[in-house]
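Only one structure is covered here, and it is reproduced in the block below.
The values are calculated or read from the model by the stated rules, or taken from the named source; none is laboratory data. If you're wondering where the values come from, they're calculated on a predicted model, not measured in any experiment. Cβ coordinates were reconstructed from backbone atoms using ideal geometry, including for glycine residues, and neighbour counts include every protein chain displayed. Please note that ligands, DNA and RNA were not included when accessible areas were found on the heavy atoms of the full protein model with its side chains. Shrake-Rupley method; radii C 1.70, N 1.55, O 1.52, S 1.80 Å.
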Amino acid sequence: MDGHGSGEISRRWFLVRAASGAVIALTAADLWSFVCTATADDQTRDQPLITRVERPQDLETPVSAFMSWLTPNDRFFIRSHFGPPKAESLKDWHLHVQGNVIQRLTLSLADLKQFEEITLTAVIQCSGNGRAFFHPKVPGAQWERGAVGNATWTGVRLADVLNRAGLGTAAHHVHMLGADRPLLPTVPLFIRSIPVEKALHPATLLAYRMNGAPLSLLHGAPLRLIVPGWAGDACVKWLTHLNVQELEAEGYFMKNAYRMPRSPITPGTQLKPSETRPVEEMPVKSIIARPENGASVTGGEVLIQGIAWTGDGEMVRVDVSMDNGRTWREAELIGKPTPYAWRLWQYLRQGVQPGTQRVLSRATDSHGHVQPMTTPWNPGGFLWNGVDRIDVTVTAS
C-alpha cells in the first residue's frame, strides 16, 4: 500500500485511486507528433465535466471525482481566456528566455529535457473557484467547487533555466506569455508575472507531463508553468516566453484582473490600485466529495469523505460539524502529507437521526490557518474558502 492509502478505505476508493492513473515513464516523440497526439486525445475523450462557459471552454470537475488522490487527466478542470492555440501554430514551438538576463535562450522541448527532470504532486485551483458562493454576485464564470485538481507534474525547474540564462542585477519579476491569442486585436494578451524569488523556488516547474502522460493541448501542451501553492492564474499554459524584468508585468491581466483588496471591503467599494494586491497563494480549504449534496442516506450512518489542501504548508486537521458549526468532530486524514498536494479525509458518523442534516467541513493547516465560515467579499470573486457544506437526507433503515 502506498503512502496515500488506508486499510479502512473502501474497495471502491482503491478502484478509483487506481483509475486515476499511475505515473509511468513515457518517451515523447518529436514535438509535432506530440502536439497532434495530445489534440487527438482531447477530441476523443469522454468529458464528464460541467460547462461553466461555452467559449472558450471553462469546464468544472464534478466533486464526485474527488475521491482519488490524483485527479484523472480527463476529469481535470479546464480554464482559459481565449481557448487553446491551433496545434499547427505549435509546430515550430520554442521557449524564449529574454529580458534582464546575461544571455537570451531559445529552447526546444529536446533542449529543455537536457535539464534535470523533476516530478512533484501539486494542486492547481482556478482563483475563481467558488465564485458562485459570493453574495452579492460578482461577474465571471460561476465556478462552484470543482475548478481544482491534484496531479503529478513532470518537467524541469524554472530556476535551472533562469540560471542557465543568468539573471541581471535588475531581475525582480518574470513575465510569462503563452501561445494563445484573443480573437480581437483590441483584447489584451494574457500576460502574468511572478516575483523572481518564486520563480527560483525549487518546486516551480516548467511541466510537459501530467500524471505521467504528455500534456494534452487543453491542459497546456507542450509546456506550462506550475507554481505550487499559488492559484492557477500563475500556471500559464502553452508557454512560449519568459521575460525577466525589474517591475511587475503591466497590462490588464496583471494590473486590473486577478487582484484582491489588501483588507476587507464593503461590496461596491471603489478601490485604488494601491489598495489591491495580485492573487497569489491559495488559502486553506476543504471540500466534501461524498455524499453529494442532496443525497439520501439509509440506516442512520453517514460516511463523509473529501479533500483538503492549502498553499504554503501542510494539512494537519479536518473537522466535521453536523449541527451547523456549533460543535466539530475531527476527521481521519488519509496517507502522509505531501507538500502542495491535497489530503484525502473521511469521517464516519453513526446514530444520525432521520431527517435533513447539514454537514460542514473545516480544514486547518500547519501555519494555523483555519477555513472560515465564509470568505470576505471581493469584486473579482477570488479565493473563496468558506467552510464546505452539503445537505443529506437520512432515512430509517
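Listed values, structure above:
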| quantity | calculated |
| --- | --- |
| Residue within region 322-345 that is in contact with a helix residue (DSSP H, G or I) (Cβ under 9 Å, 6 or more places away or on another chain) and of a type in the set (Ser, Thr, Tyr) present | no |
| Residue 249 at pLDDT 95 or above, of a type in the set (A, V, I, L, M) and either at positive phi or within 19 Å of the chain's Cα centre (by Cα) (or both) | no |
| Single unsatisfied condition, residue 221 versus (1) open to solvent by less than 10 Å² (accessible area, probe 1.4 Å); (2) hydrophobic (A, V, I, L, M, F, W, C); (3) in a loop (DSSP other than H, G, I, E, B); (4) in contact with a Lys or Arg (Cβ under 8 Å, 6 or more places away or on another chain) | (4) |
| Members of region 322-341 found to be of a type in the set (Phe, Trp, Tyr) and closer than 18 Å to residue 360 by Cβ, listed by number | 328 |
| Qualifying positions in region 224-257 - of a type in the set (Val, Ile, Thr) and either open to solvent by 10 Å² or more (accessible area, probe 1.4 Å) or over 23 Å from residue 155 (Cβ atoms) (or both) | 240 |
| Residue under evaluation residue 302, criteria (1) touching a His at 6+ places or on another chain (Cβ under 9 Å); (2) surrounded by 20 or more Cβ atoms within 10 Å (Cβ to Cβ); (3) more than 28 Å from residue 368 (Cβ to Cβ), criterion not met | (1) |
| Residue check for residue 157: under 30 Å from residue 285 (Cα atoms), surrounded by 23 or more Cβ atoms within 10 Å (Cβ to Cβ) and among the charged types (D, E, K, R) | no |
| Residue satisfying condition, being among the polar types (S, T, N, Q) and touching a strand residue (DSSP E or B) at 6+ places or on another chain (Cβ under 6 Å), within set 154, 169 | 154 |
| Criterion (free of Cβ contacts under 8 Å to residues at least 60 places away in the same chain and over 22 Å from residue 101 (Cα atoms)) met by exactly one of 195, 185 | 185 |
| Every pair of residues 6+ apart whose Cβ atoms lie under 8 Å, when the first sits in region 126-148 and is at positive phi while the second is of a type in the set (D, E, K, R) | 130/144; 130/145; 140/131 |
| Condition check for residue 397: of a type in the set (S, T, N, Q) and open to solvent by less than 70 Å² (accessible area, probe 1.4 Å) | no |
| Residue 260 vs. criteria assigned to a helix (DSSP H, G or I), surrounded by 17 or more Cβ atoms within 10 Å (Cβ to Cβ) and at negative phi | no |
| Subset of region 185-204 [part of a loop (DSSP other than H, G, I, E, B), open to solvent by less than 30 Å² (accessible area, probe 1.4 Å) and hydrophobic (A, V, I, L, M, F, W, C)] | 190, 203 |
| Identity of the residue in region 263-284, modelled with pLDDT of 95 or more and not in a loop (DSSP other than H, G, I, E, B), that ends up surrounded by the fewest Cβ atoms within 10 Å (Cβ to Cβ) | 277 |
| Identity of the residue in region 328-381, at pLDDT 95 or above, part of a loop (DSSP other than H, G, I, E, B) and among the hydrophobic types (A, V, I, L, M, F, W, C), that ends up most open to solvent (accessible area, probe 1.4 Å) | 373 |
| Condition check for residue 169: more than 29 Å from residue 86 (Cα to Cα), open to solvent by 30 Å² or more (accessible area, probe 1.4 Å) and not in a helix (DSSP H, G or I) | yes |
| Output for region 71-93, where each listed residue is farther than 30 Å from residue 142 by Cα and surrounded by fewer than 16 Cβ atoms within 10 Å (Cβ to Cβ) | 88, 89, 91, 92 |
